[in-house]
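The values are calculated or read from the model by the stated rules, or taken from the named source; none is laboratory data. Since we're looking at a predicted model, the values are computed, not measured. Quick reminder, even Gly has a Cβ in these numbers, built from the backbone with ideal geometry, and neighbours come from all protein chains shown.
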Amino acid sequence: MAARYKPTVRYLMQVEVHVYAFSMAANVLLSFFPFLIVMVSLCRYLLEWRAAEEMIFLALRDYIPDPMGAFVERNLRATVASRGPFQAVSVLLLLYTANGIFEPLEVALNRAWGIPANRSYFRNQLISLGLIFVCGGLALASAVLAAVNQEVWARLGLLGPRWTALVALTAFKTAMVPALILLLVLVYWILPNGRIPARPLVPAAIVVGLLLEALKYVIVLVWPWLRRKLEMEYGPFVYSVTIVLWAFLASMIVLAGAEWAARSHRQLEPGAAGPIADGARKPIDSNLNQTV
């Protein structure tokens, strides 16, 4: 069993992989709050659905322990209320910084699958933009489904407010984990600059999705001790550093899943040709270079 995962451990110890993960983590820090602003604004001003909005805050409190969770929620509520429905700056920041997450991730996925060429900057931005909308859509759909569940139980009146909120949070988690796994499959499949076989991606995405969910509970468990240590070292930057560290660990798990999927494909189908880079699908006809 240990020999099966030893190559993945060696992969995670490479300096290049740490560069990718830290680059992704830095852009997660930059895109985290704009993403929340856009999501809450959509629920409040476009959908005009306070239950879905409160579901986002409920999920935020579940994912981020106090006092950091309370700090983020308080500032998020104040920011959305003060800016109104038009969040152009937040949308632009989200698009730019979220694209920064997918740039190093594409390079890392190409390396894992042995694809020599990366996409051009413009093509990477287009693919990243589509994945951003998919990510936001899945998160919003999970919040909406959980809000519907909460409203149904509230109207039935069978449960008290605390149990209704607990059922709603459970419904959100139940919807969010499959949504996360689906997003991982799409990222692993679409983002590399080549034709990636879908078969090895599904088990890798399931394992990575469950590990990311488990990471959340580990963070909650060690947060009191970790916060004291980080406050002593980073002072007022403790929350920013915390987001970067969490995002780095999550990025390492995502990259490990990609390496595992690629290696499993090579082991199960050693005679397969492997992924084909988009830029190498068609040979260049030398006659095209001739002038008439």
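Rundown of residues vs (1) in a helix (DSSP H, G or I); (2) closer than 24 Å to A256 by Cα; (3) more than 21 Å from the chain's Cα centre (by Cα), yes/no style:
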position: L126; (1), (2), (3): yes, no, no
position: C135; (1), (2), (3): yes, yes, no
position: L138; (1), (2), (3): yes, yes, no
position: A143; (1), (2), (3): yes, no, no
position: V148; (1), (2), (3): yes, no, yes
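Look through the range 112-127, keep the residues that are among the polar types (S, T, N, Q) and within 16 Å of V187 (Cβ to Cβ), and return whichever of them is surrounded by the fewest Cβ atoms within 10 Å (Cβ to Cβ).
Among them, the one singled out is Q125.
Right, L182: within 30 Å of A112 (Cβ to Cβ), at pLDDT 90 or above, surrounded by fewer than 20 Cβ atoms within 10 Å (Cβ to Cβ) and not basic (K, R) or not?
Against the criterion (within 30 Å of A112 (Cβ to Cβ), at pLDDT 90 or above, surrounded by fewer than 20 Cβ atoms within 10 Å (Cβ to Cβ) and not basic (K, R)), L182 qualifies.
So in the range 18-63, with the set limited to residues that are among the β-branched types (V, I, T) and in contact with a helix residue (DSSP H, G or I) (Cβ under 6 Å, 6 or more places away or on another chain), which one is farthest from I132 (Cα to Cα)?
That would be I56.
Which of (1) under 29 Å from A171 (Cβ atoms); (2) in a helix (DSSP H, G or I); (3) within 20 Å of the chain's Cα centre (by Cα); (4) not aliphatic (A, V, I, L, M) does Y20 not meet, given it meets every other one?
In the conditions (1) under 29 Å from A171 (Cβ atoms); (2) in a helix (DSSP H, G or I); (3) within 20 Å of the chain's Cα centre (by Cα); (4) not aliphatic (A, V, I, L, M), Y20 misses (1) alone.
Is it fair to say R227 is over 26 Å from M68 (Cβ atoms) and either touching a His at 6+ places or on another chain (Cβ under 8 Å) or of a type in the set (D, E, K, R) (or both)?
No; evaluated as a whole, the condition is false for this residue.
What pairs come out if I take residues in the range 182-202 that are among the basic types (K, R) and pair them with residues that are surrounded by 17 or more Cβ atoms within 10 Å (Cβ to Cβ) whose C-beta lies under 6 Å away, six or more apart or interchain?
Short answer, once both residue conditions are applied: R195/P275.
Checking V72 against (1) under 20 Å from Y239 (Cβ atoms); (2) in contact with a helix residue (DSSP H, G or I) (Cβ under 6 Å, 6 or more places away or on another chain), which test does it fail?
Only one criterion is unmet by V72, namely (2).
Being over 17 Å from the mean Cα position of the chain (by Cα) and at pLDDT below 85: is that true of Y5 here?
Here the answer is yes, as Y5 does meet what is asked.
Within the range 58-111, can you find the residues that are surrounded by 18 or more Cβ atoms within 10 Å (Cβ to Cβ), over 19 Å from the mean Cα position of the chain (by Cα) and not in a loop (DSSP other than H, G, I, E, B)?
If the condition is that a residue be surrounded by 18 or more Cβ atoms within 10 Å (Cβ to Cβ), over 19 Å from the mean Cα position of the chain (by Cα) and not in a loop (DSSP other than H, G, I, E, B), then E73, L76, V80, R111 are the ones that fit.
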